[in-house]
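Engineer: Pasting a structure here, questions to come.
The values are calculated or read from the model by the stated rules, or taken from the named source; none is laboratory data. Computed from a predicted structure; not experimentally measured. Cβ atoms come from the backbone with ideal geometry, glycine included; neighbour counts cover every protein chain shown. Ligands, DNA and RNA are stripped out before the accessible areas are found, and what is left, the full protein with its side chains, is counted by its heavy atoms. Shrake-Rupley method; radii C 1.70, N 1.55, O 1.52, S 1.80 Å.
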Amino acid sequence: RQVVADMREKRYAQEGIGSSYLFRVDHDTIIDATKCGNLARFINHCCTPNCYAKVITIEAQKKIVIYSKQAIGVNEEITYDYKFPIEDTKIPCLCRTESCRGTLN
């Protein structure tokens with residue numbers, strides 16, 4: 001839930017954990033991969049990504065799947081658009097693409 005995710009983000013900041021890895025699955029569900037999860041949690045944001053994330057249901061369980069939008073070369077970074085909600089406090093985007101929005105939110 002959002003309330004739990006907000007509490008965890010604050011706790012991680014207090015513990016000195018520099019990054020949290022939270023992914024919204026639906027209105028009520030947020031997955032926290034900050035302390036455990038697979039390597040996909042390290043996929044970076046990009047305003048012109050080569051992949052996209054999609055939530056699918058398999059045997060009544062929601063799963064996050066990363067799909068390629070194009071051919072991805074060896075050693076090419078995998079990226080997707082985080083699609084963060086618009087907020088007053090902006091998170092700077094560092095993707096440096098020509099069409100960079102400047103912020104993640």
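Engineer: Tally up the residues in region 26-47 that are of a type outside the set (S, T, N, Q), in a loop (DSSP other than H, G, I, E, B), modelled with pLDDT under 90 and open to solvent by less than 90 Å² (accessible area, probe 1.4 Å), please.
Structural biologist: Looking only at that region, the number is 3.
Engineer: Taking region 59-72 on its own, how many of its residues are assigned to a strand (DSSP E or B), open to solvent by 60 Å² or more (accessible area, probe 1.4 Å) and within 16 Å of Thr29 (Cα to Cα)?
Structural biologist: Of the residues in region 59-72, 4 are assigned to a strand (DSSP E or B), open to solvent by 60 Å² or more (accessible area, probe 1.4 Å) and within 16 Å of Thr29 (Cα to Cα).
Engineer: Considering only region 31-47, I want to know if a residue exists there that is among the β-branched types (Val, Ile, Thr) and more than 13 Å from the chain's Cα centre (by Cα).
Structural biologist: No, that holds for no residue.
Engineer: It is to be established whether one or more residues within region 74-81 are in a loop (DSSP other than H, G, I, E, B), at positive phi and free of Cβ contacts under 8 Å to residues at least 40 places away in the same chain.
Structural biologist: yes
Engineer: Let me ask something additional. Just checking, does region 90-99 include any residue being assigned to a loop (DSSP other than H, G, I, E, B), β-branched (Val, Ile, Thr) and within 14 Å of the chain's Cα centre (by Cα)?
Structural biologist: Yes; the residues of region 90-99 include at least one that is assigned to a loop (DSSP other than H, G, I, E, B), β-branched (Val, Ile, Thr) and within 14 Å of the chain's Cα centre (by Cα).
Engineer: What single numbered condition from (1) within 26 Å of Arg8 (Cβ to Cβ); (2) more than 13 Å from the chain's Cα centre (by Cα); (3) surrounded by 12 or more Cβ atoms within 10 Å (Cβ to Cβ) fails to hold for Asn50?
Structural biologist: Here Asn50 clears every test but (1).
Engineer: A follow-up question, please. Can you tell me which residue in region 10-25 is nearest to Ile66 (Cα to Cα), limited to those that are outside any loop (DSSP other than H, G, I, E, B) and of a type in the set (D, E, K, R)?
Structural biologist: Ranking the qualifying residues of region 10-25, first place goes to Arg24.
Engineer: Let me ask something else about it. Could you list, in sequence order, all residues of region 5-25 that are more than 11 Å from the chain's Cα centre (by Cα) and open to solvent by less than 40 Å² (accessible area, probe 1.4 Å)?
Structural biologist: Ala5, Tyr12
Engineer: Pairs under 8 Å by beta carbon, first residue more than 16 Å from Ile72 (Cα to Cα) and among the hydroxyl-bearing types (Ser, Thr, Tyr) in region 27-56, partner open to solvent by 40 Å² or more (accessible area, probe 1.4 Å) and in a strand (DSSP E or B), six or more apart or different chains?
Structural biologist: Close Cβ pairs (under 8 Å, with a partner that is open to solvent by 40 Å² or more (accessible area, probe 1.4 Å) and in a strand (DSSP E or B)) amount to Thr29/Lys62; Thr34/Leu22.
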